[in-house]
Each structure stands twice: as C-alpha cells, then as structure tokens.
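The values are calculated or read from the model by the stated rules, or taken from the named source; none is laboratory data. These figures come from a predicted structure and were not determined experimentally. Glycine gets a Cβ as well: all are built from the backbone with ideal geometry, and neighbour counts include every protein chain shown. Quick note on the areas: whole protein, heavy atoms, side chains included, nothing else; ligands and nucleic acids left out. Shrake-Rupley method; radii C 1.70, N 1.55, O 1.52, S 1.80 Å.
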Amino acid sequence: MKLKVLPPTLRKNNRYLTVDIKVKGDLNKDEFVGLIWDGCIRFWGELTTSNFNLWVMRFYEIEKNEEYNYYKAVIRCQRGFEDNVRAALCCVSKYNSKKVAINVIGLSGTIKASVDKFV
C-alpha cells in the first residue's frame, strides 16, 4: 500500500529566519547547527526547544577578513516560535572559544522569498 502525503491543512507551518553571522575564525554548517541548538537549549531548555522544529536550510560564506568571517544562513522554525528563536540567537556570544555575533535580518514564509530578499 502506498503512503499518502499529508494535505497542506495538516502540515506544520514553518517560517524562515535569515541571519547574519560574524565569527572570529572559521565556521562550517555543522558547527552552526550545533551553535543554534546549544543556544536555544541553554536559553529555553530541552522541552521548549523541541517544539521549535529547527533546521538550517541554507548556509552561505559571504566574506573573509583578517578581523572576522562573514556568513549568512536561512533557518527554518515552526510558526509561533520565531521570537523565541530570535531571543536565543541574540544571547549567543561564544561557541568553541570563538567570538560570534548573530543578527536576524529577516523573516519570511518561504525559502525562496527569504533568499531573494535578504541574501
């Protein structure tokens, strides 16, 4: 028997946050995923963070300077938890002994709109 796809009315609604990341040192996508989860779990705890449905959809390297490396990323979260994720990301200042600055620059309902507008 073939599995049926969930209709749109039963699917979870997602929102996409576009973030600027400035790091002293290198950062890859796997480290960024760890950074996001670590920041959210430290700020909100495991129970609340499990409801966020976090996922890194895109990760771009924009520029490398002597002072810092500049990246942009698109993060998926569940609708209604955008402000919680923003608050947790603003509190992150260090990860693996690297100084990190994360700023949320946009919020949209689709990945395409997020990439077109903000990246």
Residue satisfying all of: in the stretch 60-92; open to solvent by less than 50 Å² (accessible area, probe 1.4 Å) and among the β-branched types (Val, Ile, Thr); farthest from Asn13 (Cα to Cα) among these: Val92
Some residue of the stretch 36-50 being within 16 Å of Cys91 (Cβ to Cβ), among the small types (Gly, Ala, Ser) and under 16 Å from the mean Cα position of the chain (by Cα): yes
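Just need a number here: residues in the stretch 15-42 that are in contact with a Gly (Cβ under 9 Å, 6 or more places away or on another chain) and charged (D, E, K, R). If you could, list the steps in order and put the result at the bottom.
Our first condition is that a residue be in contact with a Gly (Cβ under 9 Å, 6 or more places away or on another chain); within the stretch 15-42, this holds for 15-19.
Of the ones still in play, those that are also charged (D, E, K, R) are 15.
So the answer is 1.
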Conditions (1) without any contact (Cβ under 8 Å) to a residue 60 or more places away in the chain; (2) out of contact with any Asp or Glu (no Cβ under 6 Å at 6 or more places or on another chain); (3) within 22 Å of Ser108 (Cβ to Cβ): number failed by Thr18: (1)
Residue in the stretch 42-50 that is in a loop (DSSP other than H, G, I, E, B), open to solvent by 10 Å² or more (accessible area, probe 1.4 Å), closer than 22 Å to Ser108 by Cα and free of Cβ contacts under 8 Å to residues at least 40 places away in the same chain present: yes
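Please work out if Tyr95 is open to solvent by less than 90 Å² (accessible area, probe 1.4 Å), touching a residue at least 60 places away in the same chain (Cβ under 8 Å), of a type in the set (Phe, Trp, Tyr) and farther than 30 Å from Arg11 by Cα.
Numbers: open to solvent by less than 90 Å² (accessible area, probe 1.4 Å): yes; touching a residue at least 60 places away in the same chain (Cβ under 8 Å): yes; of a type in the set (Phe, Trp, Tyr): yes; farther than 30 Å from Arg11 by Cα: yes.
For Tyr95, the condition - open to solvent by less than 90 Å² (accessible area, probe 1.4 Å), touching a residue at least 60 places away in the same chain (Cβ under 8 Å), of a type in the set (Phe, Trp, Tyr) and farther than 30 Å from Arg11 by Cα - is met.
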